[in-house]
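**Student:** My questions all concern the structure below.
Only the coordinates and a few stated rules stand behind these numbers; no lab work does. The shown structure was predicted, so the numbers you read here are calculated from the model rather than taken from an experiment. Glycine also receives a Cβ, built like all others from the backbone with ideal geometry; neighbour counts cover every protein chain displayed.
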Amino acid sequence: MKENIVVYHYEQDVLNLTNPVMIVGLPGVGHVGKFVADHLVEVLESKKIVDIYSAHFPPQVMVEKDSTIKLVGNQIYVARAGHLDLLILVGDSQSSDTSGHYNLCELYINIAAKFGVRRIFTLGGYPTGMVNSEDYVIGAVNNPLMIDNLSQKGIEFKPSEPPGGIVGASGLILAFSQFCGIDAACLMGTTSGYIADPKSSKILLEKLSNILEIDVDSTALDEKIREMEKIVEKLKDSAVGEDGDYDEGSGPYEPSADDDLVYFG
């Protein structure tokens, strides 16, 4: 098997895109970026144009609702949103090894360049280790000229943050884009880092929509938020002992200061 297999599904006119912007939302902390990208694919009239399979993905297949299987892979969709064409990179996995991260990110950028992309936004989560932390979006860019505009759109920039850097596709794509002269920013919604967080995803979606000046219905994310709130309440209930007091021994996991919260992918 080749290291990577890329299958294109598009008519020639797909290459004639208007102001194409790439959005990257792969699995990562709290699935914050993945929820946003998957939501965009769902609510916009998206068309799959690329399938990506790689020996760097986990060696497994996904089982569908009808009990059939599909090989783990990532996809790129094209969608029209207002005055923009979006290329949306979504999928099942990031690379399971270091060399694969570099290999796949180079592939993603080559595909972006093929379609004439001039701006890329990678989406991820910024783990705080606290369930009820303040909600905001922090940014990092490969071109300092982007900071002023993004700050005006409500993105926060803090010196040397994230302190441990950005691991995975969300960070590497910024560096690879810089080599190709493509402006790129990583937008990270704050999240505890220990549970799926559609609430953070909704905030991130609102910021991204504001930046791109597009309208996106977030109703489906509201439903995910309600479902997650029910799960959190059940976890809280499980932490209460028979006498009604909080039982530290049975409570949900709380991160310690030594926990690794570096991965923002």
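**Student:** Using each residue's phi in region 164-175, evaluate 6.51 cos²θ - 1.76 cosθ + 1.60 at θ = phi - 60° and report the 3J(HN,Hα) Karplus result to the nearest Hz, with x for Gly and Pro.
**Tutor:** The phi angles translate into x, x, 10, 9, x, 4, 4, x, 5, 4, 4, 5 Hz.
**Student:** Right, next: Could you put 96, 46 in order, starting from the residue whose Cβ has the fewest other Cβ atoms within 10 Å?
**Tutor:** Numbers: 96 14, 46 19.
By the 10 Å Cβ count, ascending, the order reads 96, 46.
**Student:** If R0 is 45 Å, what FRET efficiency do you get for residue 161 and residue 234 from their C-beta distance, rounded to 0.05?
**Tutor:** 0.85
**Student:** Go through 29, 44, 68 and say which Cα lies farthest out towards the positive end of the charge dipole of region 12-76; charges sit on Cβ, +1 for Lys and Arg, -1 for Asp and Glu.
**Tutor:** Highest projection toward the positive end goes to 29.
**Student:** Sticking with this structure for a sec: Ignoring everything except DSSP H segments at least 4 long, calculate the 222 nm mean residue ellipticity for the chain; use -39,500 (n - 2.57) per segment, divide by total residues, nearest 500.
**Tutor:** Mean residue ellipticity at 222 nm (helix-derived): -10000 deg cm²/dmol.
**Student:** Select from region 99-204 those GluC sites (Glu not before Pro) which occupy a DSSP coil region and have at most 13 other Cβ atoms within 10 Å, ordered by residue number. Write out the running numbers ahead of the final one.
**Tutor:** Working: sites: 106, 134, 156; in loops: 134.
Here the GluC sites (Glu not before Pro) that fit, given the DSSP loop and packing criteria, are 134.
**Student:** Moving to a separate point now. With r as the distance between the Cβ atoms of residue 136 and residue 223 and R0 = 22 Å, compute the FRET efficiency 1/(1 + (r/R0)^6) and round to 0.05.
**Tutor:** On the way: r = 23 Å, r/R0 = 1.06.
It comes to 0.40.
**Student:** Give the long-range amide H neighbours of residue 128: residues separated by 5 or more places, or on another chain, with amide H under 5 Å away, using H modelled in the peptide plane at 1.01 Å from N.
**Tutor:** Amide H neighbours of residue 128, under 5 Å, 5+ apart: 191, 192, 193.
**Student:** What is the Rg over Rh value, at two decimals, for region 4-238, using alpha-carbon atoms and the Kirkwood definition of Rh?
**Tutor:** Answer for region 4-238: 0.95.
**Student:** Would you kindly state how much longer the chain becomes between residue 151 and residue 66 on full extension, computed as 0.36 nm times their sequence separation minus their alpha carbon distance, in nm to one decimal?
**Tutor:** 26.0 nm
**Student:** How much of the DSSP bridge set in region 4-238 is antiparallel, in percent, rounded to the nearest 5? Spell out each step's value before the answer.
**Tutor:** Values: 26 of 44 bridges.
Given both bridge residues lie in region 4-238, the antiparallel proportion sits at roughly 60 percent.
**Student:** For each of 65, 34, count neighbouring Cβ atoms within 10 Å of the residue's Cβ, then give the residues from fewest to most.
**Tutor:** Listing 65, 34 from fewest to most nearby Cβ atoms yields 65, 34.
**Student:** While we're on this one: Using Cα pairs under 8 angstrom and six or more residues apart, how large is the relative contact order of the chain, in percent?
**Tutor:** In percent, rounded to a whole number, it is 23.
**Student:** Return 126, 136, 8 ranked ascending by Cβ neighbour count within 10 Å, so the fewest neighbours appear first.
**Tutor:** Numbers: 126 27, 136 16, 8 11.
If I rank by nearby Cβ atoms, fewest first, I get 8, 136, 126.
**Student:** What is the set of long-range amide H partners of residue 54 at a cut-off below 5 Å, with H atoms built 1.01 Å from backbone N?
**Tutor:** For residue 54, the qualifying residues are 5.
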